[in-house]
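Below is one structure; the comments refer to it alone.
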Amino acid sequence: MPYAEGQTIHDADSHVMELPGTITEYVDPKVRAVFAEKTAKKNAIGDWVAQARAQHDDPEFRAGDEANLLLRKNYQALGAFRKDDRPRTLDLLGFASQLVFTTAALGNYGLEEAGDVDLAVEAARAHNRMMADFCSVDRRLLATGYAPLIDRQRAPEIAREAIELGCKGVIIPSRHPPGFSPSHIELDPLWALMQEAGLPILFHVGGEKKMDKDYLENGLPFVRDFHGGAENFTSLTFMAIPLSVWQTLSALVIDGVFDRFPRLKFGAIELGASWLPSLMKFMDSGAAAFGKEERLQKLSSRPSEILRRQLRVTPYPHEDARWIIENSGDEMCLFSSDFPHVEGGRNPLKRFGDSLQGLPEPAKRRFYRDNFIDLMGAGLDPALHDLPELAAA
């Protein structure tokens with residue numbers, strides 16, 4: 001019996017838990033050694049890697065795949081890193097489709113911030129090959145590509161390659177590229193390419209500017225993240241997650257990118273959504289206060305209406321999704337499981353279901369189905385819009 005039954009649900013956020021070193025196989029051999037050296041810390045292969053593989057070869061462990069579908073997390077989860085297992089995962093989850101993101105390469109290994117442009121470009125290309133390959137086993141798995149904006153001329157070229165590989169959306173960082181705005185007019189060919197392809201531009205957590213470390217120097221003992229380390233978020237550093245996408249979206253709307261490409265959709269994934277109503281109000285307020293600016297006078301409508309037309313977001317399961325929808329618009333929010341990450345929890349459908357109580361049924365349908373179809377455009381085969389049994393009905 002699948003986890004989700006009786007309605008079509010599309011999952012706007014899931015991940016492959018690639019094992020360390022996996023991406024290296026997809027890097028151009030000409031730069032593979034340099035890439036391996038620059039990413040050695042993140043791609044270090046420990047004894048646990050062999051243990052993870054062996055665990056998924058163990059018949060006794062695999063006998064518990066269905067019973068532990070949402071209990072086993074990260075590398076223990078079914079289909080976490082073995083692509084041939086992932087269709088079975090999707091069968092058991094019961095989702096009509098699943099947008100799939102990387103785990104290890106979300107920040108492109110810090111190469112863009114380091115100013116290593118050529119290697120950042122090659123890492124993006126390797127990422128796109130890796131993601132397309134992982135998702136190639138099932139058309140319900142929607143691969144995401146990545147285009148580093150650091151090279152304005154090559155960004156559309158990389159995006160085009162990703163599309164040709166089979167990627168159904170392209171991620172860009174939510175932080176600004178070093179030295180210029182993401183609204184720079186020389187990036188218009190990228191937006192034009194994506195609009196013509198009918199595929200979305202995506203932001204995902206991991207591509208934002210982190211909270212300045214000075215805020216962590218409070219004279220008290222260091223607070224570790226919920227994994228017991230220092231790489232993920234604490235209650236304090238969590239507060240900075242939406243700041244980059246807030247600024248980037250503001251620049252893209254105010255500088256006219258959204259209006260120049262009105263059919264291009266943007267998705268803010270795993271960045272939360274409680275900030276969305278405030279951003280919409282704040283941008284409208286700014287447009288009123290600075291209304292004499294020529295660029296504001298050229299906008300097709302109020303910033304909030306432009307965002308409502310083209311932006312889709314995924315609330316966290318711990319957020320008040322109903323409040324967000326009621327204060328932004330029922331066309332903006334999407335369901336996401338974050339499978340197989342710990343953050344997604346053991347029962348995302350229940351958490352979102354509880355949060356959405358009191359919303360009209362059409363608004364709920366938009367959250368679970370319609371808004372995802374709108375976001376993905378040509379990236380989602382119409383045959384996948386509904387589960388087969390529901391489409392037949």
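The values are calculated or read from the model by the stated rules, or taken from the named source; none is laboratory data. Because the structure is a prediction, the values reported are computed rather than measured. For neighbour counting, all protein chains shown are included, and Cβ atoms are generated from backbone atoms with ideal geometry for every residue, glycine included.
Structure summary
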| read-out | value |
| --- | --- |
| Sole exception among (1) touching an Asp or Glu at 6+ places or on another chain (Cβ under 6 Å); (2) closer than 14 Å to Ile9 by Cα for Gly353, by number | (1) |
| Leading residue by the ranking (farthest from the chain's Cα centre (by Cα)) among those in the range 42-74 that are at pLDDT below 95 and assigned to a loop (DSSP other than H, G, I, E, B) | Gly46 |
| Pick from the range 328-365, criterion over 19 Å from the mean Cα position of the chain (by Cα), of a type in the set (S, T, N, Q) and under 22 Å from Val205 (Cβ atoms), ranking: surrounded by the most Cβ atoms within 10 Å (Cβ to Cβ) | Ser328 |
| Some residue of the range 23-41 being out of contact with any strand residue (DSSP E or B) (no Cβ under 9 Å at 6 or more places or on another chain), surrounded by 18 or more Cβ atoms within 10 Å (Cβ to Cβ), modelled with pLDDT under 95 and not charged (D, E, K, R) | yes |
| Qualifying residue in the range 75-91 (condition: touching a residue at least 60 places away in the same chain (Cβ under 8 Å), outside any loop (DSSP other than H, G, I, E, B) and under 17 Å from the mean Cα position of the chain (by Cα)) | no |
| Residues satisfying the stated conditions in the range 135-145, i.e. surrounded by fewer than 22 Cβ atoms within 10 Å (Cβ to Cβ) and not basic (Lys, Arg) | Ser136, Val137, Asp138 |
| The range 296-311 residues that are within 18 Å of Glu326 (Cα to Cα), paired with ones that are part of a helix (DSSP H, G or I) and among the acidic types (Asp, Glu) (beta carbon under 8 Å, 6 or more apart) | Pro303/Asp284; Ser304/Asp284; Ile306/Asp259 |
| Selection count where residues are in contact with a strand residue (DSSP E or B) (Cβ under 8 Å, 6 or more places away or on another chain) and in a loop (DSSP other than H, G, I, E, B), scope the range 92-108 | 6 |
| Subset of the range 239-267 (residues that are closer than 27 Å to Ala104 by Cα and loosely packed, with under 15 Cβ neighbours inside 10 Å) | Met239 |
| Residue match in the range 380-390 (condition: modelled with pLDDT under 95, in contact with a His (Cβ under 9 Å, 6 or more places away or on another chain) and part of a loop (DSSP other than H, G, I, E, B)) | no |
| Failed item, numbered, when Gly110 is tested on (1) surrounded by fewer than 22 Cβ atoms within 10 Å (Cβ to Cβ); (2) touching a residue at least 24 places away in the same chain (Cβ under 8 Å); (3) under 19 Å from the mean Cα position of the chain (by Cα) | (2) |
| The lone exception for Asp65 - which of (1) among the acidic types (Asp, Glu); (2) surrounded by fewer than 13 Cβ atoms within 10 Å (Cβ to Cβ); (3) farther than 20 Å from Ser136 by Cβ it fails | (2) |
